[in-house]
Amino acid sequence: MSTAQIDQADIDALAAILESEKLHHCRARALCFGLFLFSLVMLVIGIVTISVLFLSGRISQEWLSAIQLLTPMSAAVIGFFGSWWACQNCINSIERTLFAARAGRLKLFTSFLGNLQCADKKKRKLWMEMAESLVT
């Protein structure tokens, strides 16, 4: 066996690991997007309800305290949107790394692997050690 075949097999193994990571992040992205939509709809319903009560003159002191609920609802919308965006960025960086792996560009693959936006430090260090052993 030549070293190119061994290197490509190792790259394929790392690519398979990244594929499973991508699947996990796709599920997380779907969950975050669903929670974002749900919290956005609830926020809009709350704003419309309070606005209608205020404009019709039927708002009472009890309903005025409900306005305080809009702040945490807004924070939830922003938080779930941020989580969805982070998952999307992670998926994009994984796809970029997988593209380099499939193209057989070892140095580019190693570079992208070191810049994954979603891997924790331990996982990224392990992947980089594996990739560096392939390059040298």
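The values are calculated or read from the model by the stated rules, or taken from the named source; none is laboratory data. Note that the coordinates shown come from a computational prediction; the quantities given were computed from them, not determined experimentally. We place every Cβ from the backbone using ideal geometry, glycine too, and count neighbours over all the protein chains shown.
Counting the residues of the stretch 47-79 that are loosely packed, with under 13 Cβ neighbours inside 10 Å, of a type in the set (A, V, I, L, M) and modelled with pLDDT under 80 gives 1. Screening 91, 11 for residues that are in contact (Cβ under 8 Å) with a residue 12 or more places away in the chain and touching a His at 6+ places or on another chain (Cβ under 7 Å) leaves exactly one candidate, 91.
crowded, with 16+ Cβ neighbours inside 10 Å, among the acidic types (Asp, Glu) and part of a helix (DSSP H, G or I), is that true of residue 21? Show your work before the answer.
Numbers: crowded, with 16+ Cβ neighbours inside 10 Å: yes; among the acidic types (Asp, Glu): yes; part of a helix (DSSP H, G or I): yes.
When the stated conditions are applied, residue 21 passes them.
Scanning the stretch 52-70 for any residue that is over 17 Å from the mean Cα position of the chain (by Cα), in a helix (DSSP H, G or I) and among the aromatic types (Phe, Trp, Tyr) turns up at least one such residue.
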